[in-house]
Structures are given as C-alpha cells and as structure tokens.
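Report on one structure; see the data block that follows.
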Amino acid sequence: MIALGGDDNRMKFLKKKDGELMKVFASVALTVLFCVLAILFLEYQIYRFKTDIMNGFARENEYILKMVSEEIRDEALSEDEAVEIVKSAPATGTRYWMLFSEDGPLFERNTDTTSMISGMSFVELENYYMRQGGSGVVPFIELIRNGEFFSAVVIKDVLIGNEIISADYVEIGGKRYCVAAGISQSFLFSSAGIGERATMLRILVIACCAILVTLVAVFSSSARNKAEKIREFREELVEKNLFIQRELGKGDERLDDAQALPDPITGLYTLRFYETFMMKLTKRQVSPIGMIVVRIVDYHDLAAEKGLNFSKEAVRKAATILLDQAGDADLCALLRTNELVMVKLKTTEKLTIQSAKEIFRELAESGIEAKFAGGFAYKEGVTAVDAVTEAAMNAVRPI
C-alpha cells in the first residue's frame, strides 16, 4: 500500500472513479431500456386488445349482414324494395348501411348522405371519398366491384376515421347488388371505454417506469458515492503513509505493505502497524508528539448482553469519529478490541487539547450505546514518544 507512488495512485483512483460513474450510467441505461421495452409491450398488448375487439365486432357485423342479405334475397323483387329493406335494417350508433348497384351507390347511412352521392359512378364516388380525406378508398371500391364477400378497414371521411365495413352480394332480377354495413372504429372504442383504459394503463406504466428509473439512479449514485468515499479514505491512507515515510526516512526503515493494511472493521491502522510506527518514532526521536486515547469501558459487557456484533459496531462508530477529526499528520490505530488511539505529529499542545475535546464531545453526543473513557497528552523533547504514551494512558478518565 505505502509502496505506491502518489501519481500512480491518483491515476488508478481516477480510473476507478470513471468506472463507478460508468456503472451508474449503465444501470440507469439498462433500466431505461427495460422501461422502453415495457412500454412497447404495453402498446403491443393494447393493439392486440383493440384488434380483438374489432374482430369481434366485425364477426357480429358479418352475421347481421348475412341476415339482411337473406332478407333481400327472399323478399326484394326490385331495386326499390332492396333499398327499402336496407333503409329499415337495424342501425345503431355504431352501425349504418349501404347499398350499391353495378353502376354506383344507391343508399348510404341516411337520406341526407344518400342525396349527396346518389347518381354518382364508382369513379365519382371514389373522388368524393378522397375529397373527404379518405384513405384506402381505391382498394375499397375495387372490393365492391369484385363481387366477393369481404370485411375491410377504410377511411371514407377523415372526421369519422376508421370504419370496419363488411359487404355481401345479392341478385335481383339478374342484376348484382352489394349490401354493406359499416361500424365507426372510434365510436366502437369510445363505447367500450378502450381509450380511457389504455390512457390509464399508459399513465400507470410510465409512472412506475419513472419511479423505477429514479430509484435505480438514486441507489446507483449512492453506491458510487460510498465507493468513492472508501477510495478517498484509502487514498488518504496512502498519502499519510507517504508522509510517515518522509518523517521516518527511507531505506531499511520503510514500512512494508502487510503492516500498513487497515483494520477491516474500523478502517484504522492495526496494532502491528502502530507498534512498528512507534518504534521508528522512538528511534528517530521524533518531537513534538500528541496522543489521544479512546476506550470503550463496557465493551465485553455489551458483547455478552447484546452480542459481539453490537460491540464491534460501537467500536466502528467511535473509529469514524476519530478519523473525521484526524488531520494529514495524524495516525489513528486500533490498539485492542476496545481501545483506539490517535497519534498527532507536527502538532502543538493547543491543537492536541482541541482535538481531544472535540472527539470526546462527539462521542458523548453520538448516541452510541456504550460507556467511553478517554485521555490525552502532549510531549516534546528527546523522550517525547515514550513519555506521551504513558501520560495519555494514565490520563484516561470516563467521558
């Protein structure tokens, strides 16, 4: 860990940071893709539902059309009688009737519409429908003139929209006639409430997708921030190790990577690292030096009463407070399972006292369910390292 160079560490940190950012983007992108697929699936299901509704009404329309055609075959002896039967055929808000001869239209919908198209040829009728904003009119006219039973979707008037038209053929006096029944698709969907239901489903799915994307973005960002904090903490450890190396010198006095590994629970330096560090400080006669000791007095009682994990969590929270107060020239270590220490280099007595008071205050106000004791000391001179340790331990009092 401490053998890494500062520039190499920063480069690796930036690469990892970019990698975490890419993970956030990837998570959000995959969620958005999932939402798009969900919306497309919903639209497909709505389309299938509408198609099934249309097919159901088309079959019903064809059945009623067959009945009217049979009535014309059985009862109509002339063209006028056929027109009268079509006029009196069962019509509703969704269904209307049409009658065509081999030359052109004879009846459509009602008297007013019939008066507008009566006497037109099929070519003129086609142009008339086109002027109304019709679509698919040419194939529709061809189907009428082909003389075979059919059902088709066509737009004859843009204001009415799609119509489902079924047509059958009868012969009267040797002449062929086309009798047809049309249903307005928009009126059909409106009466069935499909539009409102589809809108509600779209709103629900889009709202759920928006919530899902937001949650994934928040959780991914939170995970990224936590990962960045961990890396920043490790980066601080690297920088602190480099600082310690500069203080202690180089060569055979370098601390190895194994000794510099932090405690996995608290993130503090281990006892092994602390002891090696203090030995080198003693050898170098480093001065001045400050020390702050924090001890969880009832650690073992808490472990027996509430479990070992509870006690370890109390230590971890206390360690977090120490690390938050640690400066660039401070080293925090875990001496025992219930004892933490901060060694302050390049400090003053005033700074040591301020740090100790702030740490003790935060521990007292943290709400951690544990009893803390603490002490601090500041020494300078050739025997500062040995003296400060003994003084800090002797100064430990309940917080």
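The values are calculated or read from the model by the stated rules, or taken from the named source; none is laboratory data. Just so you know, these numbers come straight off a predicted model, no measurement behind them. We place every Cβ from the backbone using ideal geometry, glycine too, and count neighbours over all the protein chains shown. Quick note on the areas: whole protein, heavy atoms, side chains included, nothing else; ligands and nucleic acids left out. Shrake-Rupley method; radii C 1.70, N 1.55, O 1.52, S 1.80 Å.
For a paramagnetic label modelled on Arg145 (point 7 Å from Cα along Cα→Cβ), amide N atoms under 12 Å away belong, within segment 105-121, to 121.
Averaged over residues, the count of other Cβ atoms within 10 Å places the peptides 163-174, 214-225 in the sequence 163-174, 214-225, highest first. Computed extension gain for Ala395 through Ile39, at 0.36 nm per residue and net of the alpha carbon distance, reaches 121.4 nm. Among residues other than Asp386 with Cβ under 14 Å from its Cβ, the summed charge is +1 (Lys and Arg +1, Asp and Glu -1). If R0 is taken as 45 Å, the Cβ-Cβ distance between Met22 and Leu159 corresponds to a FRET efficiency of 0.30. Distance from the C-alpha centroid of segment 43-90 to that of segment 138-152: 15 Å, rounded to the whole angstrom. With a 1.4 Å probe rolled over the protein heavy atoms of all chains, the accessible area of Cys208, Cys178 falls in the order Cys208, Cys178, largest first.
Among 154-161, 304-311, sorting by the average number of other beta carbon atoms lying within 10 angstrom of each residue, highest first, gives 154-161, 304-311. Sorted on the mean count of surrounding Cβ atoms within 10 Å across their residues, most packed first, peptides 38-51, 327-340 read 327-340, 38-51.
Within segment 306-365, how many Lys pairs that are eight or more residues apart, or on different chains, come under 26 Å at the alpha-carbon? Before the final figure, lay out the partial values.
Working: Lys306/Lys317; Lys312/Lys344; Lys312/Lys357; Lys317/Lys344; Lys317/Lys350; Lys317/Lys357; Lys344/Lys357; Lys346/Lys357.
Here the count comes out as 8.
Here each label is just a point 7 Å from Cα along the line to Cβ, and for Met200 and Ala152 those points are 3.7 nm apart. Net charge near Leu125, counting Lys/Arg +1 and Asp/Glu -1 over other residues with Cβ under 10 Å of its Cβ? Once all neighbours under 10 Å are counted, the net charge is -2. Each residue, Cys208 and Thr383, gets one label point 7 Å from its Cα in the Cβ direction; the gap between the two is 7.7 nm.
Provide the per residue accessible area, probe 1.4 Å, for segment 260-353, rounded to a whole number of square angstrom. Can you show the working numbers first?
Details: 4360 Å² over 94 residues.
Accessible area per residue, segment 260-353: 46 Å².
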